[in-house]
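See structure below.
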Amino acid sequence: MFIVYKSNSLNTLLLEAYKIIQEKPLNNIFEKEIFVYDSKILFQYLNIFIAEKIGISANIKLYHPNDFIWKLFEIISPKKKLKNTFTHSMMIWKIMKIIDDKKIFENYNKKEAKLQKFKFSFLMANIFEQYIFYRPNWINEWETEKNTSIIDQNDIWQIKLWIEIIKNSKKTHQYSYHFANLFYNFQKLFEEKKIQKKHLPSRCFIISSFALNPSYIRIFQNISTYINIYFLYVTPFKKNIFNFIQDNNIFLNQKKNKKPCDNSLIKLWGQYEKIYALYIIRSKEMKIINCFKENNNRNLLNSIKNDLLKKNINKKKRFLISTDNSISINICFNKKNEIEILHKKLLIFFNKNSSIKPKDVVVTSFSIENYISSINSVFASENNKKQIPFFIANKFSKKTNIIISSFKKILNLANSRFHNEEILEFLDIPEIAKKFNLSEEEIKILYYWIEEANIRWAIDCKHKDYLSFPKNKQNTWLYGIEKLLLSYAMNDTEKVWNNILSCSSINGSRTEIIEKLIIFIKTLKKWQKKLSRSQYLIHWHSLSKDLINDFFFCSQKIEKSIKMIQKNWTEMINNNLSSGYLKKVSINILIKNFFYKYYFNNHQKFLPDVVNFCHPNAVCYIPFKIICIIGADHLSVPKINHLDKFNLLKKYPLIEDINIYQKYCYLFAQSISCAEQYFYISYVGYSIKDESKIYPSILIDQLLHYISSNFCFSGDCNLSLQDNSKKIIKHLCKKYKIQYFYKKKYANPSTTENLQDVFKYTNRNINNKNILKRNSCTKINLKDLITFWKNPICYFFNVNLQIKVDIKKHAINTTEPFSVNQEDSFKIKNILLNKIINNQDTMELFKKYMLSGKLPYDFFGKIFWNQKLKEMTMIAKEVMKYRISKEEKKINLKIEKYQIDGILSEIQTTGLLRWKPNTINFSDRITLWLEHLIYSLLGGCGESRIIGYKKQTWSFSSLTFDLAYTYLLKYIKGYVEGIKKPILLTKSGASWLDQVYDRKNKIVSNDYYIQEKGHKKLLEIWIGNKYIQGEQENFYIKQIISKLNEKNIKKICKTAEKWLIPVLKHKKTNKK
């Protein structure tokens, strides 16, 4: 008999099943109770449920509906072993073979790439699989070439294709077993009453699921004449929607005087259940037992759950309490913020209600994979007091993910350009590094060598040619290795031999590292070559084993992952071989096939006593105290698939056909029904590009509209729907705007103390730690004095606090140099300028740079070189006007108690002479100014000047001894003071002063518009742009100024005035 238990509670239905098992035990004690459902998580829940009742859960067997039906066919079929030769993967290759061999499609381009053929075959295999389950009558009629007239002439090609698949299977002596013909045979045996009861299980419990199609339900109804079928029907709706669908003309047992359903939620979210109703309600030999329960606690969530049970809703609005937070909708500004808000809310729930534990919470999303990194960063990074135990379902472990990702990258070597970063990433995986016997220290050395040798991409010139690029060896791996070998042979840099330039000094103890690198690159080259050719399927059979042996050190940690990869790969190739496909296949097709099958398999796992993150389908029907849905924006509910134009199910629909939109609506309704205390929703509501509004899922809009139509706050009964809706939305929806400023967290890489505390007790720290010796305050090196005034804040951190941070983010260049980066360009121009000024040959320098690979290839490099040669020659000509001698002097000056030591170079009869290849900046001016003061104290009476890009000149007028002495003493005292306490001298302050300083009157202008212009310039330098980093991003400055405000701006300006006005005041104005 077919017995239906209907309820809105899974626990109620499982309790009924438990009672049946206890009250009516099976005759055979070794026979197992059979449950049919498509989720292992629910089976896990079932075992726990029964174990809590009787202390143990045993003798229960879970079947997926597909497996149970196929086993049933095997039991009743004369041939006991039925192999399904029409699986999705096998059909792909059957279709591929037909496309290659037959002229089915007149307009189909046979020369099209095989990858495109594979994509088409994949799509058609998917469609045919749907026909087999949802239109088995079509499949059987097509195979007998009967009743094809209902299909449009434009779609006849699908019938022809299916017939060819069947013929092809017969030619290769394969059994044509698939669900459609076995279902037909089953129906025939059932009608002829040839099914024997002894072969069937004693009874079977079926839990309603998405895997149940109309054909499956018919089979269960048929076997219910022999055994008891208990259908556990979990539904939030007591009254089925199908009784009221008028446009499809379905009035099942409906009386004429019966009022139609006016419950909008049932109409919107309940249509998925039509599959069950059409076949269950129509069945005569069946019994329906209702076990629905209403919720007594009348908060908003429970009121909606109760409404789902009703056919008609009272039109009178019910009151909503302002403290009711049973349903909440959170609008966040990005995915990480969404998870941060979720984490805070969960902590609040746990603190307010001690009965709620992490195991009582589930977080679901239709796109959970997009949140994995954010979940890990937020939930795993909190301190122990705030840490919430969690698990992300439907994903592999971190180690397995790394191994799978590496395996995929190696398979893709045929398409790889062998970028240096991409190849070095392999060595970041311990199992690969260990295979090639490379230690962490050796890998660091390799990073340095690869940068020095300018290895960017491609194995060699042949590989570049294979990728359709100019055939040259510059920046390739093997050419770079030649440079390293020459460097070892010569143990020197910049030595040329046989058109190869040595690039680094390598001693004998490190030769093994080069050997290991050569072995690694040759192994990659071998596989790149192997994977670049199309091969027969049998050839690819052992690929996974060989590849893993060549690249991975198989430790116990990754043994399970490796076995899983090998098993799946072998299984895929075996299935493909079974299809009879005999032509060569490229690795690209196998990669797509393998990783679709691998990643889209149902890896369902659920951990107890933690907050689980998963897809809603995985926990459908399971009750939780708190159910959270994240990522509920308008993209979360899938749109119509444009490829459905091929699908005849869409062209000739039946009411019981599956609809993906209806399925998602039903899941949403089930989530509400299963939430016992709180229903939490969140989504990203603002675009990351321009902060424009992102709309929520249509399901949220429908929920809010329903609440606004049926609920209101006390005293709002007479409000219009629009006004009431605004108040309801304001109450339920919490918006989180992006924060541009955060509470400052002080970073300190070298000490455990907070930097602010360090500033407070700097003098004590100096004395205690002896960082500055007593003599160092009186003996000052000129080089240290100049370095300090170039950047006083940086010097304070480096010297006083001993904090040194590598501000530049190290990144290896991955492509050949189409242009020269700023750092290399400056170095080239500086060396070139000095060589021209000293009348030295530049051709040898050009040759070395071309061989180094730092210049663009061939004539592009020549263009760059000639342009820089021309620019530097212009500067050199200007320098040569003033450069007469190369005199330099050692200095040893006594300024009060301070002793100044150092060297002054390039002293001309006209004064000091300096040059640089770039534009003259703030650092150049202050450097020249300090040197000019020393020069003046040494008796110099000339003008000191610096010449820069495009003949730019900055010069200082001659100074008297007394004036120079006064100024230098001031800067020395500033240096001594600045070591103890940072001086706020910044580029932004210097830029402000440049704008507001009146050079004619030698004062700071107080004019409003000039001051505004100055402040604008200060902010430009402080904030920066996409090309130049602003000072606000400087690590050292950030520790002093956490947030720029009016007070800090005034301080910056005052400091610039104090120290830089002398530099501007004594600048010589060039007379034209």
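In order along segment 336-345, phi translates into HN-Hα couplings of 5, 4, 4, 6, 4, 5, 4, 4, 5, 5 Hz, rounded to whole numbers, per the Karplus curve 6.51 cos²θ - 1.76 cosθ + 1.60 with θ = phi - 60° and x for Gly and Pro. Taking 7 Å steps out from each Cα toward its Cβ at residue 518 and residue 998 produces label points 7.4 nm apart.
Which one of 64, 618, 636 has its Cα pushed farthest toward the positive end of the charge dipole of the chain, where Lys and Arg give +1 and Asp and Glu give -1 at the Cβ? Positive-most Cα among the choices belongs to 636. Projected label points at residue 690 and residue 950, each 7 Å from Cα along the beta carbon direction, are separated by 3.4 nanometres. So how far, in whole Å, is the C-alpha centre of segment 493-566 from the one of segment 4-58? Taking the Cα centre of segment 4-58 as reference, the centre of segment 493-566 is 54 Å away. Here, P(r) means the percent of Cα pairs in each 10 Å bin from 0 to the largest distance; for segment 972-1059 it is 16, 47, 30, 7.
Rounded to the nearest 0.05, the FRET efficiency derived from the C-beta distance between residue 444 and residue 857 at R0 = 25 Å is 0.30. At an R0 of 25 angstrom, the distance between the Cβ atoms of residue 500 and residue 424 translates into a FRET efficiency of 0.65. Distant-in-sequence amide contacts of residue 944, defined by a placed amide H-H separation under 5 Å and a gap of 5 or more residues or a different chain, comprise 912, 956.
Computed extension length for residue 172-residue 919: 261.2 nm, one decimal, from 0.36 nm per residue of separation with the Cα-Cα distance subtracted.
Between the alpha-carbon centres of segment 698-722 and segment 936-998 there is a gap of 71 Å.
On full extension, the segment bounded by residue 894 and residue 821 gains 21.9 nm, given 0.36 nm per residue less the C-alpha separation.
Amide H contacts of residue 711 (H built 1.01 Å from N, in plane; Pro and chain starts excluded): 318 sit under 5 Å, all sequence-distant by 5 or more or on other chains. Projected label points at residue 1050 and residue 74, each 7 Å from Cα along the beta carbon direction, are separated by 8.6 nanometres.
Of the three principal axes defined by the Cα atoms of segment 861-951, the extents in descending order read 55, 26, 18 Å. Measuring spread by the Cα atoms of the chain yields a radius of gyration and Dmax of 39.1, 123 Å. In loop segments of segment 520-564 as defined by DSSP, the trypsin sites (Lys or Arg not before Pro) with at most 15 further C-beta atoms inside 10 Å of their C-beta are 533. Under the combined filter of DSSP loop state and at most 13 neighbouring Cβ atoms within 10 Å, segment 123-178 retains these trypsin sites (Lys or Arg not before Pro): 146. Restriction of the chymotrypsin sites (Phe, Trp or Tyr not before Pro) in segment 1-76 to DSSP coil positions whose beta-carbon has at most 10 other beta-carbons within 10 angstrom yields 30.
When both segment 296-344 and segment 815-870 are represented by their alpha-carbon centers, they are found 68 Å apart. Take the Cα of residue 225, go 7 Å toward its beta carbon, and the backbone nitrogen atoms of segment 167-193 under 14 Å from that spot belong to 186-193.
With a threshold of 25 Å on the Cα-Cα distance, the over-threshold entries among 336/409; 597/663; 398/625; 835/987; 40/359; 293/344 are 336/409; 398/625; 835/987; 293/344.
If the chain linking residue 727 and residue 654 were pulled fully straight, counting 0.36 nm for each residue of separation and taking away their Cα-Cα distance, it would gain 22.1 nm. Checked against a 24 Å cut-off, the cross-linked pairs 827/847; 526/862; 399/444; 970/1050; 317/726 give Cα-Cα distances beyond that limit for 526/862.
A simple packing score, the average count of other Cβ atoms within 10 Å per residue, orders the peptides 1057-1063, 1005-1011 as 1057-1063, 1005-1011, with the highest score first. Taking θ as phi - 60° and the Karplus parameters 6.51, -1.76 and 1.60, the scalar couplings of segment 987-1000 work out to 5, 5, x, 5, 5, 4, 5, 4, 7, 9, 7, 8, 5, 5 Hz in sequence order, x denoting glycine and proline. Cross-link check: pairs 1017/1067; 94/605; 951/1002; 274/735; 1016/1067 evaluated at a Cα-Cα cut-off of 32 Å; pairs beyond the cut-off: 94/605; 274/735. Taking a point 7 Å from the Cα of residue 467 along the Cα-to-Cβ direction, the residues of segment 526-548 with backbone N closer than 19 Å to it are 526-533. Between residue 941 and residue 334, what's the calculated FRET efficiency when r is the beta-carbon distance and R0 is 56 Å? Round to 0.05. After rounding, the FRET efficiency stands at 0.30. Taking the Cα centre of the chain as reference, the dipole from Cβ charges on Lys and Arg (+1) and Asp and Glu (-1) amounts to some 940 debye.
No value in this document is a laboratory result; all are computed from the given coordinates. None of the values given here were measured: they were computed from a predicted structure. Here Cβ is always computed from backbone atoms with ideal geometry, including for glycine, and neighbour counts include all displayed protein chains.
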